[in-house]
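The values are calculated or read from the model by the stated rules, or taken from the named source; none is laboratory data. Given the structure is predicted, the values throughout are model-derived calculations rather than measurements. Please note: Cβ atoms are built from the backbone with ideal geometry, for glycine as well, and neighbour counts cover all protein chains shown. In case anyone asks, the SASA skips ligands and DNA or RNA and just uses the protein heavy atoms, side chains included. Shrake-Rupley method; radii C 1.70, N 1.55, O 1.52, S 1.80 Å.
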Amino acid sequence: MSVEVETSEGVDESEKKNSGSTEKENHTRMADLSELLKEGTKEAHGQAENTQVVKDFLKGNIKKELFKLATTALYFTYSALEEEMDRNKDHPAFAPLYFPTELHRKEALTKDMEYFFGENWKEQVQCSEAAQKYVERIHYVGQYEPELLVAHAYTRYMGDLSGGQVLKKVAQRALKLPSTGEGTQFYLFENVDNAQQFKQFYRARMNALDLNLETKERIVEEANKAFEYNMQIFNELDQAGSTLARETLEDGLPVHDGKGDVRKCPFYAAEQDKGALEGSSCPFRTAMAVLRKPSLQFILAAGVALAAGLLAWYYM
């Protein structure tokens, strides 16, 4: 008995601290990655949840032109993400999460683009400056740090599965889109029978990835970076929205709907009288209400698009 007491009391304090630190590290290492992501991005969720654009979208306060541009931003974002996923489909840190048939959105977004812009939609659209930054980050990760693709795939697809149906109904109601799904194919996962069960299966696959503590922490950090991109766009969106409102009041002119004689467009006619649009076409071609500041419109597009992805998190 006395020997046991002496052994216990004789343990060096530094060894006790090291032992406790090791136990804590082992516990963290064993934690599910999905839980680490949920806890690690909680603050970012709270910040995004309180932005005006999120509140407005949930209320159905969205214009069709902005929704079209939002679809454009989503198309470029998912094209980049799925290109890198295809590139890394055999990488051990990502392969278990490769579900192109069930999850990939590019084909659905292509249908939405054709619905909104017509067959020659590729000639009418371009990636916004803000969305381009995120696209570049996705490509960088896919080429140099493919294990971090987990953060982007999980953030996007799990959010889409969680809140997609809610967002689809909001868009259809607010924009009077067809109930048969035209314009909202992005939110339809035809090859996922039960979204809740698939999400559980996906999280299980993710939690089973053979990742060390450092890699898990980097994945959480990468997820927060995605939220940072979104928050920057939201700030730009608020400023651009204010500018757009002021210019709309000043001009008081609608934008041509892209159908019929372009010369009957009030905006075109008014500007033609000023000699500002000689030899040009209706501004509808680029789907922008503010022709003089196209960058603002693309900021709005990217903001609404990425807001849609963030909104979905709140229904997980």
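Points worth noting:
- Length-normalised contact order for segment 31-247 - Cα pairs under 8 Å, 6+ apart - percent: 35 percent
- Of R173, R87, the residue with the largest accessible area leads and the full order is R173, R87 (1.4 Å probe).
- Residue pairs exceeding 25 angstrom between C-alpha atoms, taken from K55/K216; K63/K106; K111/K168: K55/K216.
- Computed accessible area, F227, all protein chains, 1.4 angstrom probe, square angstrom: 0 Å²
- Around E147: net Lys/Arg minus Asp/Glu count, Cβ-Cβ under 11 Å: -2
- The value for segment 31-247 of Rg(Cα) / (2.2 N^0.38 Å) is 1.02.
- This model, with +1 at the C-beta of Lys and Arg and -1 at the C-beta of Asp and Glu, gives segment 31-247 a dipole about its Cα centre of some 840 debye.
- For GluC sites (Glu not before Pro), the sites in segment 105-162 that DSSP calls loop and that have at most 10 other Cβ atoms within 10 Å are E119.
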